[in-house]
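Heads up, the thing below is written out as structure tokens.
Just so it is clear, none of the values below were taken in a lab; they were calculated from the coordinates. Source: prediction; values computed, not measured. Every residue, glycine as well, gets a Cβ built from its backbone with ideal geometry; the counts of neighbours run over all protein chains shown.
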Amino acid sequence: AKNVGILAVDIYFPPTCVQQEALEAHDGASKGKYTIGLGQDCMGFCTEVEDVISMSLTVVSSLLEKYNVDPKQIGRLEVGSETVIDKSKSIKTFLMQIFEKCGNTDIEGVDSTNACYGGTAALFNCVNWVESCSWDGRYGLVVCTDSAVYAEGPARPTGGAAAIAMLVGPDAPITFESKFRGSHMSHVYDFYKPNLASEYPVVDGKLSQTCYLMALDSCYKQFCAKYEKSTGKQFSISDAAYFVFHSPYNKLVQKSFARLVFDDSVRNASSIDEAAKEKLAPFSTLSGDESYQNRDLEKVSQQVAKPLYDAKVQPTTLIPKQVGNMYTASLYAAFVSLLHNKSSELAGKRVILFSYGSGSTATMFSLKLHEGQKPFSLSNIATVMNVSTKLKSRHEFSAVKFVETINLMEHRYGGKDFVTSKDCSLLAPGTYYLTEVDSMYRRFYAKK
Ligand code: ACO
């Protein structure tokens with residue numbers, strides 16, 4: 001198959017959210033810490049009637065319906081998630097309910113897990129399948145879904161929740177430049193979930209930031225090397241129209257792009273003008289380790305990067321700032337933001353994505369965009385996703401009510417033998433919701 005990539009996309013996030021400003025006041029954090037310090041506006045979260053399974057059911061049925069795809073046409077279904085509901089039974093098997101009904105049980109694929117990277121692993125699997133000799137001519141479908149919740153403390157405002165579905169096949173408007181790909185994988189304890197009785201991770205916040213930036217540098221280096229080997233030209237940030245990052249919180253995205261600008265200046269790349277080069281020169285002799293801790297470098301590089309950030313990154317930040325960290329869905333929610341904001345200007349452009357999952361696993365890869373043909377066209381994708389309406393029709397919870405919700409979910413996690421309130425009044429028509437977990441831990445869902 002040729003020009004394999006993403007044909008269609010849909011996104012779902014819960015209609016319930018809390019303003020970061022309200023959370024700041026509630027938590028007794030200094031004013032501006034979450035909004036300016038972390039760069040976040042609002043945070044979405046699941047109430048007791050939603051979870052990663054219901055969100056996935058919602059987004060998959062919505063995608064099939066809105067793009068008019070027959071469920072029999074799906075030959076591979078992969079889910080990326082780090083939200084553990086069952087240690088054996090994959091989320092994918094719950095989604096089979098949609099396909100079994102239509103008589104399609106011939107669908108390969110299971111769940112992929114490694115922190116926020118599982119969605120990228122799932123996406124690569126589907127693309128590789130369509131490109132391989134085991135491809136049977138049908139579509140691949142990728143779902144990235146997570147409910148990111150943290151224990152009380154400094155990480156709590158960096159939660160979020162969403163599910164994103166992506167249809168994969170040939171002749172796509174969003175194709176992979178598969179030759180240009182750089183990965184960095186290593187063993188670190190920056191963020192992990194060793195306590196199986198709790199939904200909350202163990203997280204070393206500062207270490208996770210450094211690990212993220214180190215992985216970014218390393219992936220960029222590999223990426224540039226492969227680009228040069230294949231094209232004979234040096235790669236610089238001028239060679240891509242947009243950069244999309246895994247987005248735990250916006251401040252880290254700002255720092256990441258500034259880091260690429262610094263990397264380009266050290267590499268003496270053409271993207272950096274003389275004035276910027278001069279400003280960054282004093283830092284070029286820092287060792288790798290020193291450079292991650294140097295506050296002046298952070299400040300100067302962000303300042304130098306600002307105009308480029310506004311042009312190449314800012315259009316990708318809308319949903320991550322409004323919904324928060326959606327773990328596996330975060331990178332793709334940033335990409336969705338770009339499709340939403342710039343759909344009419346993207347044809348012919350190259351977009352670079354950086355995926356990071358703690359532990360750690362990371363890949364930088366490249367996409368080439370084409371207008372495509374309806375229903376699989378950039379403009380139709382933007383219309384179908386309907387991001388503005390989804391954001392506008394959310395319901396704001398007070399910080400107190402948010403904490404009450406989180407506490408109830410904490411109590412319910414891993415539990416059995418309960419029925420939910422079945423209150424779906426805040427959910428849009430077509431949304432799936434959890435009704436019951438029986439004495440055998442079997443979960444039941446209904447559709448509004
Ligand atoms: N006004 C403006 N800015 C402020 C204010 C204020 N009143 N108060 C603090 N700030 C700034 C700080 O200077 C800092 O910015 P800087 O990094 O540019 O200096 C920022 O706000 C955050 O403040 P910190 O004191 O560094 O925050 P803290 O350590 O309490 O928590 C952290 C932040 C570590 C990100 C925490 O939320 C966390 O652990 N989150 C989860 C881990 C995470 O997301 N890691 C990212 C990669 S891994 C992954 O995706 C899960």
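Quick notes on this structure:
- Rounded, prolate or oblate (a/c below 1.5 giving rounded, otherwise prolate when a/b exceeds b/c) for region 97-175 by Cα gyration tensor: prolate
- Dipole of the chain, positive direction: furthest Cα of Ser344, Tyr356, Met326, with charges on the beta-carbon: Ser344
- Relative contact order computed over the chain (Cα-Cα under 8 Å; 6+ residues apart), in percent: 24
- Basic side chains Lys and Arg get +1 at the Cβ, acidic Asp and Glu get -1 at the Cβ, and with that the dipole of region 164-282 about its Cα centre reaches some 180 debye.
- The alpha carbon centroids of region 1-50 and region 381-417 are separated by 10 Å.
- Region 55-103-region 213-242 distance, computed between alpha-carbon centres (Å): 35
- Relative contact order of region 167-323, defined on C-alpha pairs under 8 angstrom at six or more residues apart (%): 21
- Length-normalised contact order of region 345-448 in % [C-alpha pairs under 8 Å, at least 6 apart]: 15
- Between Ser186 and Lys233, residue separation times 0.36 nm minus the direct Cα-Cα distance comes to 14.0 nm.
- Karplus-based coupling profile of region 179-193, in residue order and whole Hz: 6, 9, 8, x, 10, 9, 10, 7, 9, 9, 9, 9, 7, 7, 10, with θ = phi - 60° in 6.51 cos²θ - 1.76 cosθ + 1.60 and x standing for Gly or Pro.
- ³J(HN,Hα) computed for each position of region 44-51 - Karplus, 6.51 cos²θ - 1.76 cosθ + 1.60, integer Hz, glycine/proline x: x, 7, 7, 8, 5, 9, 10, 7
- For the listed peptides 176-185, 95-104, a ranking on the average number of other beta carbons within 10 Å per residue, highest first, reads 176-185, 95-104.
- Region 5-447: C-alpha gyration tensor shape, a/c 1.5 cut-off, then a/b vs b/c: oblate
- Most positive-pole-ward Cα, Tyr413, Tyr227, Phe99, against dipole of the chain from beta carbon charges: Tyr227
- Entries of Lys251/Lys277; Lys72/Lys312; Lys2/Lys306 with Cα pairs more than 29 Å apart: Lys72/Lys312; Lys2/Lys306
- Whether region 309-448 is rounded, prolate or oblate, judged on the alpha carbon gyration tensor where a/c under 1.5 counts as rounded: prolate
- Inter-part distance, region 430-446 to region 312-378, computed on C-alpha centroids, equals 32 Å.
- Computed about the Cα centre, the dipole magnitude for region 5-447 is approximately 620 debye when only Lys and Arg (+1) and Asp and Glu (-1) carry charge, each at its Cβ.
- Between Asp146 and Ala162, Ala329, the built amide H atoms are under 5 Å apart, and every one of these is 5 or more places off in sequence or on another chain.
- Of all DSSP beta bridges in the chain, antiparallel share, percent nearest 5: 75
- Look at the dipole of the chain built from charges on Cβ: of Phe376, Val437, Phe257, the Cα furthest out on the positive end belongs to Phe376.
- Averaged over residues, the count of other Cβ atoms within 10 Å places the peptides 1-13, 430-442 in the sequence 1-13, 430-442, highest first.
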